[in-house]
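Read the structure below first, then the notes.
The values are calculated or read from the model by the stated rules, or taken from the named source; none is laboratory data. Bear in mind the structure is a predicted one, so any value in this text is a computation, not a measurement. Neighbour counts run over all protein chains shown; Cβ positions are idealised from the backbone, glycine included. We work out accessible area using only protein heavy atoms, side chains counted, and drop any ligands, DNA or RNA first. Shrake-Rupley method; radii C 1.70, N 1.55, O 1.52, S 1.80 Å.
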Amino acid sequence: MKGAVIHGARDVRYEERADPKIVEPTDAILRLSATCICGSDLWPYRGINPTTEPTPIGHEYCGIVEEVGRAVTSVKPGQFVIGSFFASDNTCPHCKAGYQTSCQHRQLVGGAQAPMLRVPLADGTLVATREAPPAELVPSMLAASDVLGTGWFAADAANVGPGKTVVVVGDGAVGLLAVLSAKQMGAERIIAMSRHEARQNLARDFGATDIVTERGDEGSARIKELTKGIGADSVLECVGTAESMRQAIGAARPGGYLSYVGVPHGVQLDGQELFFTHVHLHGGPAPVRRYLPRLIELIESRTIDPGKVFDLTLPLAQVAEGYRAMDERRAIKTLLRP
Ligand SMILES: [Zn+2]
């Protein structure tokens, strides 16, 4: 088969790769219906995380089960399934507590920008839909694999609920879907921080009530102004930079909740400063698996349409252009058709 391989900074190639095979009896092989490029794939793409050898890339996926190992019992060939970027057994103490991305047996699922994919720990990782979804729902199912699940965790971890004032820092796909998630959880006011018109429009479409264009300390000050000097109940940090984290802490009210779901790069927190904020912090790699059954239900019933974050669809063969478009912020998120 041919799939995406990253060779170095700004060098992603569509090239021959080995067909995936069952290695462990707990594996499944999927034929992917769609895959996509993640904001976090841009870290190696931009050379911020160095690539030392050619590496298959991609970790968002949904598709039809092609084959399962002999120990797999919960999914079978022909079913449409979704999984997340960490395979998990869904039975260990961490999984039972809802933190499948800290599973004692977790394994990274990599190389998903391809027509076929091996998923380890299939029973614990994959969730099947009742039937194969119609084509128009596939982008939303794919979004559930990572960006929707991550946005949902951001809202859940920041204690979003009815009547709350919520700030979302970051207007990438995760930030936009964090807006959607906050809306679903009943937030009264949702302030999205964005400077980009297309993203502001999508944020409004997903439920944002206010847009703030200022950044950094100015951004925090603007939030305080909008909340009568109090600050937000919940702040969802969906970027992972020092500036966005600082802005997020500055936007929360004393006793407020701050979630952080972007992989941190260069974030350092000052203990004293944190101490005097009274802010609850909760974040990490989103345990998407915890939310998948609920998210699939919301998509199947057409209650939510997270697939709208894909504003560029390309054949997998044009994966390099998909990366360029996201790197240059011409696209929010690129869907790839194998
Ligand atoms: Zn586990």
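General observations
- Relative pair counts by distance (%), Cα atoms of region 1-120, 5 Å bins: 2, 12, 19, 22, 19, 14, 8, 3, 0
- For the pair region 268-338 and region 213-228, the centres of their Cα atoms are 24 angstrom apart.
- Asp205 contributes about 90 Å² of solvent-accessible surface, heavy atoms of the protein only, 1.4 Å probe.
- Net charge dipole, the chain: roughly 300 debye, given to the nearest 20, about the Cα centre with Cβ charges of +1 for Lys and Arg and -1 for Asp and Glu.
- Charge tally in the Cβ shell below 10 Å around Gly47, where Lys, Arg are +1 and Asp, Glu are -1, Gly47 excluded: +1
- Percent carbon-and-sulfur accessible area, region 71-202, ignoring ligands, DNA and RNA, probe 1.4 Å: 49
- With the biggest extent put first, the Cα atoms of region 155-235 measure 29, 28, 18 Å across the principal axes.
- Look at the alpha carbon pairs under 8 Å that are at least 6 residues apart: their mean separation over the length of region 29-184 gives a relative contact order of 24 percent.
- Pairs over the 31 Å Cα-Cα cut-off, from the set Lys2/Lys183; Lys76/Lys183; Lys2/Lys96; Lys183/Lys224; Lys183/Lys333: Lys2/Lys183; Lys76/Lys183; Lys2/Lys96.
- Crossing angle, helix 197-206 versus the chain [Cα axis fit, 0-90 degrees, rounded to tens]: 90
- Rounded tilt (10° steps) of 216-226 against the dominant C-alpha axis of the chain: 70
- Kirkwood-based Rg to Rh ratio, the chain, C-alpha trace: 0.97
- A probe of 1.4 angstrom, applied to the heavy atoms of all protein chains, finds Ser244 with accessible area near 10 square angstrom.
- For the chain, built as a Gaussian network whose Cα springs stay under 10 Å, the top-fluctuating residue of Val147, Val235, Val212: Val212
- Computed [θ] at 222 nm, deg cm²/dmol, the chain (DSSP H ≥ 4; -39,500 (n - 2.57); rounded to nearest 500): -8000 deg cm²/dmol
- Radius, Kirkwood style, for region 138-189 when every pair of distinct Cα atoms is counted (Å): 10.7
- Dipole of region 182-326 [Lys/Arg +1, Asp/Glu -1 at C-beta], most positive-end residue of Gln184, Ile296, Pro254: Ile296
- Cα pair distances exceeding 22 angstrom across region 262-338, given as percent: 56
- To the nearest 10, the accessible area of Trp152 is 20 Å² with a 1.4 Å probe.
- Angstrom value of the Kirkwood radius, inverse mean 1/r, which spans all Cα pairs in region 205-306: 15.1
- Debye log10 I(q)/I(0) at q = 0.14, 0.24, 0.31 Å⁻¹ for region 2-56, Cα point scatterers: -0.48, -1.01, -1.19
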